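A short write-up of the structure that comes next.
None of the figures in this text is laboratory data; all of them are computed from the coordinates on show. Bear in mind that the values here come from a model prediction, so they are computed numbers and not experimental data. Here the Cβ positions follow ideal geometry from the backbone for every residue, glycine too, while neighbour counts run over all protein chains shown.
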Amino acid sequence: MSKRVLLAVLAAASIHAQPQAVRPAALKGSGWHALLDGHDTAGWHARDGKPDTWYTASDVHVNNTGTRQLLAGVGPAGPVMINGPDGRTADFVTDEKFGDIELYIEFLISAKSNSGVYMQGLYEVQILDSYGVTKPGVHDCGAIYERWIDGKGVGGTAPTVNASRAPGEWQSFHIWFKAPRFDGSGKKIEDARFLRVEQNGVLIHTNTTAPGPTRAALSIPEAAKNPLMLQGDHGPVAFRNIYVRALR
């Protein structure tokens, strides 16, 4: 084996050697379940069966050459899940379905990037480079995104404060979510509700109703249980420390 080939093999091995996850201090108590095991993307699948380029790494950093890329690397951040080399891939959906849950998730985006966390695949908490925005709206980071009705945006709830960090820095959402309720005939009798949302430890939503699926949601009906979805086609984004537990 030539020296060049050996170095390439060692570099690839170091990138894909996943560190052991350390549970974030924000996760108090028991019952938490990790949705990213650090070895691969098991437990997730691409939306609508499309091909995808999601992959895991032990760390990630922003390419500072102006390309807005997120590059896999070696370091303490991981395990990290990244939406491919160019930030344009299929949305990623959990195999598992959830009802009333508490979700903790950390994310990192490059400048001007965009993504989202869809509770039950239907109700989006927006991810956006909103650093420095003085008055955040329904399109800014942390917003419960607008619905899309008759070709236009309707509703949505802006975060009460802009808690966004600069692009290239790790951030977090901590979400307490109550699924919609249905009667015996299947008729919805209570909307989904974000009981509490914290961004980077700052409270940004309290008791916020989601009257229906937000824009770009999965094409599935509202239900007592549905999967979690991460938006993958709007720009470079990485995720780590994805934990859920039944709502208490």
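If you take all other residues with their beta carbon under 14 Å from the beta carbon of His61, and give Lys and Arg +1 and Asp and Glu -1, the sum is 0. Ranking of Thr53, Thr65 by neighbouring Cβ atoms within 10 Å, starting from the fewest: Thr65, Thr53. Centre-to-centre separation between the Cα atoms of the range 102-122 and those of the range 178-198: 21 Å.
Given R₀ = 41 Å, FRET efficiency for Ala223-Asn64 by Cβ-Cβ distance, to 0.05? Working from the Cβ atoms, E equals 0.40. Would you pull out the residues with amide H under 5 Å of Ala210's amide H, same chain only if 5 or more places away, H placed 1.01 Å from N? Under 5 Å from the amide H of Ala210 lie the amide H atoms of Ala192, Arg193, Phe194, each far enough along the sequence or on another chain. Taking amide H as placed 1.01 Å from N in the peptide plane, the amide H of Val237 sits under 5 Å from that of Asn83, each at least 5 places away or on another chain. Applying the Karplus relation 6.51 cos²θ - 1.76 cosθ + 1.60 with θ = phi - 60° to the range 218-227 yields 3J(HN,Hα) values of 4, 8, 9, x, 4, 7, 5, 9, 8, x Hz, where x marks Gly and Pro.
Amide H contacts for Lys97 (H built 1.01 Å from N in the peptide plane; partners 5 or more residues away or on another chain; cut-off under 5 Å): none found.
Mean residue ellipticity at 222 nm, helices only, the chain: -2000 deg cm²/dmol; runs of at least 4 DSSP H residues each add -39,500 (n - 2.57), and the sum is divided by the number of residues.
For the Cα atoms of the chain, what angle does the longest principal axis make with the long axis of helix 3-16, in degrees from 0 to 90, nearest 10? Value to nearest ten degrees: 20.
Think of each Lys and Arg Cβ as +1 and each Asp and Glu Cβ as -1; about the Cα centre, that makes the dipole of the chain roughly 220 debye. FRET efficiency for the pair Ala42 and Asn207, taken as 1/(1 + (r/R0)^6) with r the Cβ-Cβ distance and R0 = 30 Å, rounds to 0.30. Each of Ala210, Gln171, Phe182 was placed along the dipole of the range 3-246 (beta-carbon charges, centred on the mean Cα), and the one lying farthest toward the positive end is Gln171.
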